[in-house]
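See structure below.
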Amino acid sequence: SFLDLVPDRAAAILAETMEVTEQGRGYFERLTDSRGVSGPPAVFKLLRERFTGFAEINQFSIGHAAEAAVDLPVSALPHFSQSAGEAVGELAELVAAGHRLLIACETEGEQSRCRELLAEFAPDLAEALARSRGPVSTLVGYVHRGFIWSTDEAGEAGLAVVPYHELLHRFTTRRRSRRLRAGRAMDTFLEIEPGDYVVHVDHGIAQFTGLRTMSPDRLGKRRVAAPPSKKQKESDDELEEFLTLEFASKSQLHVSALKIDQVQKYIGGFAGKPPLSKLGGQKWSKQKEQVAESVRDLAAELLRVRAARESLPGIRYPDDTAWQHEFEAEFPYQETDDQLAGLVAIKRDMTSERPMDRLICGDVGFGKTELAIRAAFKACEFGKQVAVLVPTTVLAEQHERTFRSRFADYPFTIESLSRFKTTKEANSILARLRKGQVDLVIGTHRLISKDVKFADLGLVIIDEEQRFGVEHKERLLQLRMTADVMTLSATPIPRTLHMSMLGIRDISSLATAPADRQGIVTEVIPFNRKRIKQAIDRELAREGQIFWVHNRVHDIQTKADDVQQLAPGARVIFGHGQMSPQELEKVMLTFIRGEADILVSTTIIESGIDIPRANTMIVENADRFGLAELHQLRGRVGRSKHRAYCYLLLPDNKTINEVARKRLKALEQYSMLGAGFKIAMRDLEIRGAGNILGAEQSGHIASIGYELYCRLLEESVRDLTHEAPPPSAGRTSLEIGIGGMIPRPYIPSETRRLEAYRRIATASSRSDLDSLAADLTAAYGDPPPAVRRLLDLAEIRAGASALGVRAAVLRSPDIIFRTDRPDEVASAFGSAKGTVRTLPPKSTDTAHEVYYRPPAAYLEPPTLLSILRQRLGGALS
């Protein structure tokens, strides 16, 4: 075991036993080692036996007599001023008292900014630092909390280690990890299961009944394979897997798994049970034509709106400055690849001449606010004012703290306008705003009142625009005419709609979770006092905080008293939107500062509240909430590296309806990171698509399914903008008498196998193929021969597609290619052994036919694969 690697005379110190136990239980409770040891407590017993010394440090340690004591000459740093200038001045006082000073900066950007602050507010220290000798030095490294290590008995001189974030009161938890490869958006359409309704692009709506293993022979007949035997081994090389689809009148269609890109899960209405299409009928093609015509009109209107916006003059910001680089380098977390891509797009917008109107959409806690902060910094540094519009007063206060913390050591003035401010305070802020003395203002709908005037507004950031009423939309439209606009949305747009809307709207999608973030354990349970008490006790034992959502104001105080009885030792407070601004502000600040353990509140906490210590949520009468609302509420916990829990309580005095049951089941099922994409789709399935593109388009989505609708929209946009379609291997049919499949022992899960088939079917470039092979090997080990053949076939299909080949068919002794670019195909085989000839198109077609007749020996499957890869795969280089 790992303990064998530790020296015999080592000592072990176990910090925060309850937290370690809770984290470890999920890993150990189902495992038993060779000595019969299971679970964290038993592992701790092993530690005690194994190590020379063993100690636990936790809330139960106080008062225990120690066998030996070691006095460390360590004392705490003084409390630094909230003002950056005064705090730097206090550093000089530490040096004057005889201490050597070491300032720990997390990044080189922080180190550079620290030197600037010293030069501005403590020139003597800056000069000493520049000489590289004397009492002041800096380093790039992470120190969680600072201290003074005394070197004389009186404790008057020593080394003062000051973390830069503690100097500026910017406390965060450092997450160290290697950069994660960008994940794909959670795509519901990949995960079809037997019984699901699906859409076949050419044949219509059917029900997926499962995967079957079959042998396609050269005449096109198929038979269901019998269980394999040793004698069958050679012929089994030709077996393939097929999706069996059942249409109206029990008609069946078997679709090769390699053509899985023609099949998508049906999403779009009819309560998930659409009418099945008739196989071979004309109705489906007519439905597609009607929808395509309507979609073209929609695309034209959206493009017209975009063109009108682009004709307006915008603000052209300069390229990034040294301050911008330093500010971004001070971000204490590792940015995700999606955040970096979104940042590039935002800066491209801001440095161009047309106005920015970008939607940043992503799941709760995926880093939308940081992108807004960086855009705001760029605007403020250029001398423009920034307005941040939020839907709730509580969120305005939260954003004010966040922006102030990030801007702490830069000379920008930040204010907020909400009902938490007195009339006198609000009037003062408005007056300074008109004079240009406020750089960034955060507020609710109060911010778009007619009496709010800006000196030079450059950027408007709108958080959750859909939460604002119709009367506010007109004012927001006017703002779009005069300033750059960035909209943040936590209702993620699924990847397919995102792709379809490219060229119509500017969208950045954040689909990658931050490092160390874990999924939220979600349970739908009846109200049970004992179970809830256990959940509360567990959270309090790890010094965490708890949200208790009770969405009725009239008896919320009674509920708080009831919660107090469940947790007698806890500090319980309550808050709701009908409180006076001063009362509500006091309640929220008490909870945010960690001076209360349980907050009983209404849904005022729904948007954007970020309290890393709060990692348990209890929602009463969860059946009364909408799916998106519950997902937003759940997003208030799990915002740090700790495992979070969300309990959705059902009423014990009534039955819940079918729609509510579906909502809660979906939320419990989709508790993984990035689940917002799946939840958005499930919401679409339950409620229909009217809230995305309007009622008329909702009917079209219901008739052909959401994914196919998005494909038609994408095609219409490309057609109207005269853009060439992207390369797609899925458009090339390959029938060369060689099969391949993913054996069940290699990928046992049917869902994961379907996902792998889909990636193989849609691979259209060398990078796609290399990434696919690497991912398969990393996840499941070296591919068996049948899978390697699939990868070879995928390379051949992608290469043929790149040469404009519609179909490649083996009709011994020839291989016939139907293509629009016959010269390129003929050239690819021109130097190969055998003969090549080209036939002109038939009168009813535009495609040429290129006949390649190889030597007879080349028609053996391994050789045929090799020659086709060599000749067609080269088109991908």
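The values are calculated or read from the model by the stated rules, or taken from the named source; none is laboratory data. Given the structure is predicted, the values throughout are model-derived calculations rather than measurements. Backbone-built Cβ (ideal geometry, glycine too); neighbour counts: all protein chains shown. For the accessible areas, the whole protein counts, side chains as well, though only heavy atoms, and no ligand, DNA or RNA atoms are used. Shrake-Rupley method; radii C 1.70, N 1.55, O 1.52, S 1.80 Å.
Just a yes or no: is a residue in the range 140-159 part of a helix (DSSP H, G or I), modelled with pLDDT under 85 and open to solvent by less than 20 Å² (accessible area, probe 1.4 Å)?
No, the range 140-159 has no match at all.
Six or more apart or on different chains, Cβ atoms under 9 Å: show the pairs whose first residue is in the range 374-391 and closer than 11 Å to Asp484 by Cβ and whose second is surrounded by fewer than 21 Cβ atoms within 10 Å (Cβ to Cβ) and small (Gly, Ala, Ser).
none
Just one of (1) part of a loop (DSSP other than H, G, I, E, B); (2) touching a helix residue (DSSP H, G or I) at 6+ places or on another chain (Cβ under 9 Å); (3) surrounded by fewer than 21 Cβ atoms within 10 Å (Cβ to Cβ) trips up Glu353, so point out which.
All conditions are met except number (2).
Report the residue count in the range 399-416 for those that are assigned to a helix (DSSP H, G or I), under 12 Å from Phe377 (Cα atoms) and open to solvent by 40 Å² or more (accessible area, probe 1.4 Å).
Number of matching residues: 1.
Somewhere in the range 725-740, is a residue at pLDDT below 85, in a loop (DSSP other than H, G, I, E, B), buried (at least 18 other Cβ atoms within 10 Å of the Cβ) and within 27 Å of the chain's Cα centre (by Cα)?
No, the conditions are met nowhere in the range 725-740.
Residues to consider are Glu543, Glu606; find the one that is within 29 Å of the chain's Cα centre (by Cα), modelled with pLDDT under 90 and farther than 20 Å from Thr393 by Cβ.
Among Glu543, Glu606, only Glu543 is within 29 Å of the chain's Cα centre (by Cα), modelled with pLDDT under 90 and farther than 20 Å from Thr393 by Cβ.
Tell me whether the range 600-607 contains one or more residues that are within 24 Å of Cys361 (Cβ to Cβ) and without any contact (Cβ under 8 Å) to a residue 60 or more places away in the chain.
Yes, because at least one residue in the range 600-607 is within 24 Å of Cys361 (Cβ to Cβ) and without any contact (Cβ under 8 Å) to a residue 60 or more places away in the chain.
I'd like to verify a number: residues in the range 791-822 that are among the charged types (D, E, K, R) and open to solvent by 40 Å² or more (accessible area, probe 1.4 Å), how many?
Of the residues in that region, 5 qualify.
Show the residue pairs meeting these rules: Cβ distance below 6 Å; 6+ apart or different chains; first residue within the range 633-659 and touching a residue at least 40 places away in the same chain (Cβ under 8 Å); second residue open to solvent by 80 Å² or more (accessible area, probe 1.4 Å).
Going by the 6 Å Cβ cut-off, the qualifying pairs are Leu650/Pro526; Asp652/Pro526.
I'm checking my understanding of the structure. Among residues of the range 423-438 that are open to solvent by 60 Å² or more (accessible area, probe 1.4 Å) and among the polar types (S, T, N, Q), which one is nearest to Cys114 (Cα to Cα)?
Gln437
Going through Ser767, Ser703 one at a time, which residue ends up being open to solvent by 40 Å² or more (accessible area, probe 1.4 Å), assigned to a helix (DSSP H, G or I) and out of contact with any Ser or Thr (no Cβ under 9 Å at 6 or more places or on another chain)?
Among Ser767, Ser703, only Ser767 is open to solvent by 40 Å² or more (accessible area, probe 1.4 Å), assigned to a helix (DSSP H, G or I) and out of contact with any Ser or Thr (no Cβ under 9 Å at 6 or more places or on another chain).
Can we say Leu776 is crowded, with 18+ Cβ neighbours inside 10 Å and closer than 14 Å to Gly873 by Cβ?
Spelling it out, it is not the case that Leu776 is crowded, with 18+ Cβ neighbours inside 10 Å and closer than 14 Å to Gly873 by Cβ.
Report yes if Glu755 is under 29 Å from Glu193 (Cβ atoms), assigned to a helix (DSSP H, G or I) and either open to solvent by 70 Å² or more (accessible area, probe 1.4 Å) or acidic (Asp, Glu) (or both), otherwise no.
Criteria met by Glu755.
If I filter the range 421-435 down to residues being part of a helix (DSSP H, G or I) and either more than 17 Å from Lys384 (Cα to Cα) or among the polar types (S, T, N, Q) (or both), which single residue comes out as nearest to the chain's Cα centre (by Cα)?
For the range 421-435, the residue satisfying everything is Ala426.
Select, from Ile573, Ile592, the only residue that is among the β-branched types (Val, Ile, Thr), closer than 23 Å to Ala622 by Cα and open to solvent by 30 Å² or more (accessible area, probe 1.4 Å).
Ile573
Would you pick out the residues in the range 77-92 that are closer than 11 Å to Glu166 by Cβ and either free of Cβ contacts under 8 Å to residues at least 24 places away in the same chain or part of a helix (DSSP H, G or I) (or both)?
Across the range 77-92, the qualifying residues are Pro78, His79, Ala87.
Tally time: how many residues in the range 553-596 are over 20 Å from Leu395 (Cα atoms) and in contact (Cβ under 8 Å) with a residue 40 or more places away in the chain?
Total meeting the criteria: 3.
Residues checked against (1) closer than 27 Å to Asp338 by Cα; (2) modelled with pLDDT of 90 or more; (3) of a type in the set (Gly, Ala, Ser):
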position	(1), (2), (3)
Phe377	yes, yes, no
Val388	yes, yes, no
Ser405	yes, no, yes
Pro411	no, no, no
Arg419	no, no, no
Ser428	no, yes, yes
Leu433	no, yes, no
Gln437	no, yes, no
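Name the single residue, out of those in the range 779-790 being over 23 Å from the mean Cα position of the chain (by Cα) and open to solvent by 60 Å² or more (accessible area, probe 1.4 Å), that is nearest to Gly874 (Cα to Cα).
The residue in question is Arg788.
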